[in-house]
Amino acid sequence: MSKTINLIPLLSPSLGSERSLKVIRWSGGDGPVTYLQAALHADEWGGIHCLHYLEALLDSALERGELLGTVIMVPVANPIGLGQHLNGYTVGRFDFDYSGNFNRNFPRLAPLAIPLLEARLGSDAEQNNRLVRETLRECLNDLSPQLEAEVLKQRLLELSLEADIVLDLHCDSEATLHLYANRRHQHTAAELAAFVGAPVLLLEESTEGAPFDDANAAPWWQLQEQFPQHAIRNGCFACTLELRGRTDIEAHLARQDAEGVFRFLQQQGVIAGTPERPQRLTEGTPLDGLDAVKAPLAGLVEYCKEVGDLIEAGERVAWIINPYADHHDNQRVPVYAKTGGLLFARRRDKMTRPGHTLAKIAGDHSLAFRKGGKLLEY
Ligand SMILES: [Zn+2]
């Protein structure tokens with residue numbers, strides 16, 4: 001059993017500068033390989049805090065000889081975004097260098113792997129899974145990204161491709177704990193939600209945006225669907241864990257989250273031990289049942305509901321105050337919920353523009369106006 005630390009250099013973006021990824025690896029037995037990363041959206045720091053405490057828990061587990069598998073940790077997944085400062089603030093969701101959202105458009109490997117695997121797959125599931133993993137890696141290595149952010153995405157995926165379990169740690173603006181996962185992974189995602197105490201699990205059928213979790217997990221079911229005649233087991237559970245809101249950086253929360261993830265890893269056989277089974281707060285709701293309540297106009301947001309409130313369809317969520325309206329009576333415009341459910345996220349910045357999301361409500365049935373596959377963009 002061992003712990004190693006490596007620095008992986010990224011592409012130099014400009015003369016005289018170069019960034020790197022710190023990779024910590026705990027190697028134990030032949031058990032499952034887990035990959036964790038934080039702050040891919042570089043202005044979402046709760047994951048860095050959680051992994052800070054998880055590192056200590058993993059060190060202790062290693063010392064006690066309890067590591068049954070391998071854990072790979074990238075505590076700062078996006079040094080590019082962390083370097084993006086504007087007027088004193090970190091602006092880390094979109095790349096300043098025009099490659100877009102840092103958590104979209106990871107390489108889609110299944111279409112590249114299909115022609116290669118046609119001649120390679122056989123009838124043995126173990127052998128097929130090894131071949132799939134090797135072929136996905138081969139396809140990833142064959143890519144020639146140009147931009148610094150594209151190289152970052154390739155490096156992160158290189159590190160995570162060997163993992164059976166991939167956890168991508170993010171956070172929202174103001175929020176409760178919540179998770180995004182594919183419906184095919186509902187069971188394991190609901191277990192993770194229970195271990196960390198998350199009341200919301202959003203389940204997507206399939207996504208088109210190629211976020212990091214999907215880039216790891218989707219090739220497996222896409223290849224299963226492509227090759228029904230060959231036995232291929234599901235090789236990767238991946239999900240996005242949203243650790244509350246951006247300003248929820250508190251020691252007791254980070255420690256609690258790290259302990260929740262640690263117990264999940266025990267339950268998954270990565271670390272020895274039998275954790276107590278927690279109470280499940282959710283079995284999951286459809287992502288296309290999520291009502292992202294939009295602002296119809298610009299103005300000051302005065303919320304009527306708190307994060308964690310149960311909302312009924314048609315209830316008023318907020319007022320938008322527009323001082324430019326002629327009469328004082330007309331200055332307040334109500335905004336209503338289109339579905340019932342838990343209001344799990346709100347906007348921290350209370351001055352809105354039209355079309356901005358004011359609140360997210362996890363409804364339990366699909367909404368006709370939502371389009372599947374678009375994540376939160378519709
Ligand atoms: Zn994020």
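Data for the structure
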quantity	calculated
Residue (of TYR180, ILE72, HIS52) at the positive-pole extreme of the chain, dipole from beta-carbon charges	TYR180
Three-way shape call for segment 65-122 based on the alpha-carbon gyration tensor, with the a/c threshold at 1.5	oblate
Separation of alpha-carbon centers, segment 332-348 and segment 41-100, rounded to whole Å	30
Rounded Å value of the spacing that divides the Cα centres of segment 251-286 and segment 304-330	36
FRET E, pair GLN279, ILE8, Förster distance 30 Å, beta-carbon r, rounded to 0.05	0.15
Rough spin-label spacing in nm, given labels placed 7 Å along Cα→Cβ, for GLU302 and ASP142	6.1
At R0 = 56 Å, FRET efficiency that the Cβ-Cβ distance of SER206 and GLU63 yields, to 0.05	0.85
With Cα atoms, 0 to 90° folded angle of helix 46-63 axis to the chain main axis	30
Net charge, GLN224 excluded, C-beta distance under 11 Å - Lys, Arg +1, Asp, Glu -1	+1
Residue order, fewest to most beta carbons within 10 Å, for GLU204, GLU138, GLU225	GLU225, GLU138, GLU204
Fully extended contour minus Cα-Cα distance, from ILE114 to GLN186, at 0.36 nm per residue	23.3 nm
Dipole magnitude of the chain about its Cα centre (Cβ charges: Lys, Arg +1; Asp, Glu -1), debye to nearest 20	320
Full-stretch length increase - ALA56, ASP97 - with 0.36 nm per residue and alpha-carbon distance subtracted	11.2 nm
Sites LYS294 and ILE321, calculated FRET efficiency, Cβ-Cβ separation with R0 22 Å, nearest 0.05	0.85
Using θ = phi - 60° and Karplus 6.51 cos²θ - 1.76 cosθ + 1.60, couplings along segment 103-118 (whole Hz; Gly, Pro as x)	10, 9, 6, 5, x, 8, 8, 4, x, 6, 7, 4, x, 6, 6, 3
Among THR274, GLY340, HIS41 - extreme Cα towards positive end, dipole of the chain, charges at beta-carbon	GLY340
Sequence of GLU191, GLU158, GLU126 once ranked by neighbouring C-beta atoms within 10 Å, starting from the fewest	GLU126, GLU158, GLU191
Helix-only CD estimate at 222 nm, as mean residue ellipticity for the chain, using -39500 (n - 2.57) per DSSP H run (n ≥ 4)	-8500 deg cm²/dmol
Hydrodynamic radius (Kirkwood) for segment 2-273, which is based on Cα pairs only, to one decimal in Å	19.0
For the chain: relative contact order, % (alpha-carbon pairs under 8 angstrom, 6 or more apart)	17
Least to most buried among MET1, MET73, MET351 (fewest other Cβ within 10 Å first)	MET351, MET1, MET73
Amide H within-cut-off set for SER20, under 5 Å, with H built and near neighbours excluded	LEU10
Positive-end extreme of charge dipole, the chain - chosen from ILE165, PHE212, CYS304 (charges on Cβ)	CYS304
Percent antiparallel among DSSP beta bridges (both partners in the chain, rounded to 5)	65
For the chain, built as a Gaussian network whose Cα springs stay under 10 Å, the top-fluctuating residue of ILE80, ILE361, ILE320	ILE320
HN-Hα J in Hz across segment 256-263 - Karplus 6.51, -1.76, 1.60, θ = phi - 60°, x for Gly and Pro	4, 5, 4, 5, x, 5, 4, 5
Residue among PRO228, PRO107, PRO13 with the largest mean-square fluctuation in a Gaussian network model of the chain, springs linking Cα atoms under 10 Å	PRO228
THR247-HIS356 pseudo-label distance in nm [points 7 Å out on the Cα-to-Cβ vector]	1.5
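None of the figures in this text is laboratory data; all of them are computed from the coordinates on show. Here the structure is a predicted model, which is why all the values come from computation and not from measurement. Cβ atoms come from the backbone with ideal geometry, glycine included; neighbour counts cover every protein chain shown.
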